[in-house]
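First up is the structure itself, then whatever we jot down about it.
The values are calculated or read from the model by the stated rules, or taken from the named source; none is laboratory data. Bear in mind the structure is a predicted one, so any value in this text is a computation, not a measurement. Every residue, glycine as well, gets a Cβ built from its backbone with ideal geometry; the counts of neighbours run over all protein chains shown.
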Amino acid sequence: MTAIYIQRNHTLGHQGIRDLSEQVAQTLANDYQVTWQWQGEQLTFRRSGAKGVLVPEPHQVTIEMKLGLMLIPFAPVIRQGIESQLDTLLI
């Protein structure tokens, strides 16, 4: 299993980072066919061969994703896509 770990700082406040988290999750759903849901203050997502969590905190957001064997070759593309979207939304 391959892990993707991405962390970014932000100044969005509680509702702003929750809204951004849902935007990222919806993009993952559209691009990679994941399902997502809030579990307390964490947004969890999964699909066949992948699962992860997005943790919005007061001054940073963290995404941790584990990819199964079939998705390992796509890990750099998946990482780049998530980082690109986060960086765009956080500007």
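What to note about this one:
- The single condition among (1) touching a residue at least 24 places away in the same chain (Cβ under 8 Å); (2) more than 16 Å from I82 (Cα to Cα) that L28 does not satisfy is (2).
- Residue in the range 62-73 that is surrounded by 15 or more Cβ atoms within 10 Å (Cβ to Cβ) and either part of a helix (DSSP H, G or I) or at positive phi (or both) present: yes
- Close contacts from the range 37-53, counting a first residue that is over 15 Å from Q23 (Cα atoms) and a second that is acidic (D, E), with Cβ to Cβ under 6 Å and a gap of 6+ residues or different chains, come to G52/E64.
- Of everything listed in (1) at pLDDT 95 or above; (2) of a type outside the set (A, V, I, L, M, F, W, C); (3) closer than 19 Å to I91 by Cα, the single unmet condition for D19 is (1).
- Of the listed requirements (1) of a type in the set (S, T, N, Q); (2) surrounded by 14 or more Cβ atoms within 10 Å (Cβ to Cβ); (3) not in a strand (DSSP E or B), Q26 misses just one: (2).
- Residues being within 10 Å of the chain's Cα centre (by Cα) and either among the aliphatic types (A, V, I, L, M) or within 13 Å of Y32 (Cα to Cα) (or both) - total across the range 52-72: 7
- Residues within the range 29-47 that are exposed (fewer than 14 other Cβ atoms within 10 Å of the Cβ) and in contact with a helix residue (DSSP H, G or I) (Cβ under 8 Å, 6 or more places away or on another chain), tallied: 2
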